[in-house]
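**Q** Just passing along the structure, written as structure tokens.
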Amino acid sequence: QVQLQESGPGLVEPSQTLSLTCTVSGDSISSGRHYWSWIRQPAGKGLEWIGRICIRETAQYKPSLKGRVTISADTSKNQLSLSLTSVTAADTAVYYCARGPRYGGVPSPLDYWGQGTLVTVSS
Amino acid sequence: DIQMTQSPSSLSASEGDRVTITCRASQPVSNFFHWYQQKPGKAPKLLISTVSNLESGVPSRFSGSGSGTDFSLTISSLQPEDVATYYCLQTNNIPHTFGQGTKVEIK
């Protein structure tokens, strides 16, 4: 059974950097079979895709976040990381990591999700 | 970016009613199209992948259809446990984009 677990600080000060980790079990990031995505959801609002990574290529990001966001993978720990710089209150959200889509242009969803972690941007 | 427009934004129906949610993409997304159910405080749950493929364990009262830019999710007989917000997602293009959600309630 594939499981994902997000972790990181629940409170980040404005203008600082938000850093989260997603630990994956039940699948191997190093297999290169899937992309691994980050998604966020402000309270009471909809879902926003942030970006994705596959070890076979460089990460891809939502254009409006490009320049502030970095997604990386640590295959030795089977973990993903998300870094978001210069945060403001607008970045306050529940952040999810998810597996998917499958690599290689195959029509496929984000199939397994972590439980999410709330990050609040406030001084 | 591909815009995904869901309608309605919310609906209230009686138990046993047939309910349909639609999602329109601003450009064709082929079968890179999926539906999710999200209950309060929980992560989204994949219901239907690639337009019409029901995920394992999802009740057969859920079904998906559509092509190109127009898609729909139907609940054939609404049950109390179906109260949730439903989202569509396209993975055809970067950035992947979600619909704004449809909140389903029971009268």
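The values are calculated or read from the model by the stated rules, or taken from the named source; none is laboratory data. Computed from a predicted model, the values in this text were never measured in an experiment. Every residue, glycine among them, receives a Cβ derived from its backbone with ideal geometry; neighbour counts consider all protein chains shown.
**Q** Mind checking which residues of segment A:97-107 are more than 7 Å from chain B (Cβ to nearest Cβ), on the phi < 0 side of the Ramachandran plot and buried (at least 18 other Cβ atoms within 10 Å of the Cβ)?
**A** Residues of segment A:97-107 that are more than 7 Å from chain B (Cβ to nearest Cβ), as a first pass: A:97-100, A:102-106.
Next, from what is left, pick out any that are on the phi < 0 side of the Ramachandran plot: A:97-99, A:102-103, A:106.
Selection gives A:Cys97, A:Ala98, A:Arg99.
**Q** Now for a different question. Among (1) within 20 Å of A:Trp113 (Cα to Cα); (2) in contact with a Ser or Thr (Cβ under 9 Å, 6 or more places away or on another chain); (3) surrounded by 16 or more Cβ atoms within 10 Å (Cβ to Cβ), there is one condition B:Val58 misses while meeting the rest; what is its number?
**A** Of (1) within 20 Å of A:Trp113 (Cα to Cα); (2) in contact with a Ser or Thr (Cβ under 9 Å, 6 or more places away or on another chain); (3) surrounded by 16 or more Cβ atoms within 10 Å (Cβ to Cβ), only one is false for B:Val58: (2).
**Q** Here are some residues: A:Ser25, A:Ser72, A:Ser30, A:Ser15. Which one is exposed (fewer than 13 other Cβ atoms within 10 Å of the Cβ) and without any contact (Cβ under 8 Å) to a residue 24 or more places away in the chain?
**A** So the residue among A:Ser25, A:Ser72, A:Ser30, A:Ser15 that is exposed (fewer than 13 other Cβ atoms within 10 Å of the Cβ) and without any contact (Cβ under 8 Å) to a residue 24 or more places away in the chain is A:Ser72.
**Q** Among (1) in contact (Cβ under 8 Å) with a residue 24 or more places away in the chain; (2) under 20 Å from A:Val2 (Cα atoms); (3) of a type in the set (A, V, I, L, M), where does B:Ala25 come up short?
**A** Answer for B:Ala25: the failing condition is (2).
**Q** Only one of these conditions is not met by A:Thr85: (1) within 30 Å of B:Leu54 (Cβ to Cβ); (2) away from chain B (no Cβ under 14 Å); (3) touching a Lys or Arg at 6+ places or on another chain (Cβ under 7 Å). Which number is it?
**A** Tallying (1) within 30 Å of B:Leu54 (Cβ to Cβ); (2) away from chain B (no Cβ under 14 Å); (3) touching a Lys or Arg at 6+ places or on another chain (Cβ under 7 Å), A:Thr85 fails exactly one: (1).
**Q** Go through (1) more than 17 Å from A:Ala98 (Cβ to Cβ); (2) surrounded by 19 or more Cβ atoms within 10 Å (Cβ to Cβ) and name the single condition B:Gly68 misses.
**A** Evaluating B:Gly68 over (1) more than 17 Å from A:Ala98 (Cβ to Cβ); (2) surrounded by 19 or more Cβ atoms within 10 Å (Cβ to Cβ) leaves (2) as the failure.
**Q** Take residues that are more than 14 Å from chain A (Cβ to nearest Cβ) and tell me which of the strands (runs of 3 or more DSSP E) falling wholly in segment B:7-107 contain 1 or more.
**A** Working: elements: B:10-13, B:19-25, B:33-38, B:45-49, B:62-67, B:70-75, B:84-90, B:102-106.
Ranges flagged: B:10-13, B:19-25, B:62-67, B:70-75, B:102-106.
Condition check ((1) touching a Pro at 6+ places or on another chain (Cβ under 8 Å); (2) polar (S, T, N, Q)) across all residues:
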| position | (1), (2) |
| --- | --- |
| A:Thr17 | no, yes |
| A:Thr21 | no, yes |
| A:Ser28 | no, yes |
| A:Trp49 | yes, no |
| A:Ile53 | no, no |
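**Q** Just a yes or no: is a residue in segment A:52-65 within 14 Å of another protein chain (Cβ to nearest Cβ), within 18 Å of B:Tyr36 (Cα to Cα) and charged (D, E, K, R)? Walk me through it before giving the result.
**A** Going through segment A:52-65, the residues within 14 Å of another protein chain (Cβ to nearest Cβ) turn out to be A:52-54, A:57-65.
Next cut, within 18 Å of B:Tyr36 (Cα to Cα) only: none.
Taking every residue of segment A:52-65 in turn, none turns out to be within 14 Å of another protein chain (Cβ to nearest Cβ), within 18 Å of B:Tyr36 (Cα to Cα) and charged (D, E, K, R).
**Q** Just to be sure I understand, how many residues within segment B:6-29 are farther than 23 Å from B:Ile106 by Cα and surrounded by 13 or more Cβ atoms within 10 Å (Cβ to Cβ)? Don't jump to the end; show me each part of the working.
**A** Going through segment B:6-29, the residues farther than 23 Å from B:Ile106 by Cα turn out to be B:24-29.
With the extra rule that they be surrounded by 13 or more Cβ atoms within 10 Å (Cβ to Cβ), the set shrinks to B:24-26, B:28-29.
Number satisfying all stated conditions: 5.
**Q** When you look at A:Gly51, is it part of a loop (DSSP other than H, G, I, E, B) and at pLDDT 95 or above, yes or no? Let's see the steps before the verdict.
**A** Details: part of a loop (DSSP other than H, G, I, E, B): no; at pLDDT 95 or above: yes.
Against the criterion (part of a loop (DSSP other than H, G, I, E, B) and at pLDDT 95 or above), A:Gly51 does not qualify.
**Q** I would also like to ask the following. Against the condition within 22 Å of B:Lys42 (Cα to Cα), modelled with pLDDT of 95 or more and more than 10 Å from the chain's Cα centre (by Cα), how does A:Ser76 come out, does it pass? Give the steps one after another, and end with the answer.
**A** Working: within 22 Å of B:Lys42 (Cα to Cα): no; modelled with pLDDT of 95 or more: yes; more than 10 Å from the chain's Cα centre (by Cα): yes.
Here the answer is no, as A:Ser76 does not meet what is asked.
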